[in-house]
Amino acid sequence: MKESYKKILVAVDSSEQARRAFQEAIEVTRRNEAHLYILIVSDTNHLGSEPYAVDHIVKEARKAAGAIVEALEESIPEDIAFTSIVDDGNPKAKIVAYAEAEKIDLILMGATGTGTFSRLLLGSTTAYVVNNAPCNVMVVR
């Protein structure tokens with residue numbers, strides 16, 4: 001176990017478990033006097049091939065993701081330093097890639113995501129991140 005974590009990444013979506021992971025991340029960040037990275041990735045991995053439709057869906061997904069991050073940012077205490085990242089693509093791959101690129105010490109995320117199918121797979125994104133992340137991963141229920 002690391003003595004302390006200095007770069008903490010919380011992966012969020014609009015789920016209740018992501019909100020709980022976010023709250024836990026704030027506490028862990030505070031205890032470690034760390035920097036918090038908030039990452040939301042709109043899953044655009046399986047979109048169709050019609051360029052206009054894809055462009056429209058991506059724009060709407062970014063807008064929705066931005067609204068989620070904005071709402072979370074409003075609840076961050078003033079003593080917490082943070083960076084917010086809104087991205088699109090394959091969430092599981094983006095989370096791991098971001099953790100590698102930024103040399104993240106700890107990732108926090110919910111056990112499952114927003115979709116019914118995601119719940120049936122028992123958090124396939126979470127399972128992927130746990131198995132492929134370059135650092136420790138805390139799964140919040």
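Rank-order 103-110, 130-137 by packing density, defined as the average count of other C-beta atoms within 10 Å over each peptide's residues, highest first.
Going from most to least packed, we get 103-110, 130-137.
Would you list which lysines come within 16 Å of Lys6, measuring only between C-alpha atoms, while excluding same-chain residues fewer than 8 positions from it?
Candidates past the 8-residue exclusion: Lys103.
Helix-only mean residue ellipticity at 222 nm, the chain, DSSP H runs n ≥ 4 weighted -39,500 (n - 2.57), per residue, nearest 500. What is it?
Numbers: 5 runs with 67 residues, N = 141.
Roughly -15000 deg cm²/dmol at 222 nm, from the helical runs in the chain.
Tell me which DSSP H helices of the chain clear both cut-offs, 18 Å or more of axial length from alpha-carbon atoms and a mean Kyte-Doolittle hydropathy of at least -1.0.
Helix filter hits for the chain: 51-74.
Which option, (i) 16.0, 50; (ii) 14.8, 50; (iii) 23.0, 83, is the value of Rg and Dmax of the Cα atoms in Å that was calculated from these coordinates?
(ii)
Where the accessible area of the chain is counted over protein heavy atoms with a 1.4 Å probe, how much of it, in %, is carbon and sulfur? Let's see the in-between values first.
On the way: 4020 of 8000 Å².
Looking at the chain in its full context, I get 50 percent from C and S.
In whole Å, what are the Cα extents of segment 1-83 along the three principal axes, biggest one first?
In descending order, the Cα extents are 49, 28, 21 Å.
By the scheme Lys and Arg +1, Asp and Glu -1, what is the net charge of all other residues having a beta-carbon under 12 Å from that of Ile95?
Around Ile95, the charge tally is -3.
Only four residue types carry charge here, +1 at the Cβ of Lys and Arg and -1 at the Cβ of Asp and Glu. Report the dipole size of the chain about the Cα centre in Debye, rounded to the nearest 20.
Charge dipole of the chain: 420 debye, to the nearest 20.
Per residue, how much accessible area does the chain show when a 1.4 Å probe rolls over the protein heavy atoms, in square angstrom?
57 Å²
Just need the relative contact order of the chain here, percent rounded to a whole number, with Cα pairs under 8 Å and 6+ apart.
It rounds to 33 percent for the chain.
Select from Gly89, Thr29, Ser14 the residue farthest towards the positive end of the dipole of segment 1-92; place +1 on Cβ of Lys and Arg, -1 on Cβ of Asp and Glu, and compute about the Cα centre.
Value: Thr29.
The values are calculated or read from the model by the stated rules, or taken from the named source; none is laboratory data. Just so it is clear, the structure is predicted and the values come from calculations on it, not from any experiment. As a convention, Cβ positions derive from the backbone with ideal geometry for all residues, glycine included, and neighbour counts pool all protein chains shown. Please note that ligands, DNA and RNA were not included when accessible areas were found on the heavy atoms of the full protein model with its side chains. Shrake-Rupley method; radii C 1.70, N 1.55, O 1.52, S 1.80 Å.
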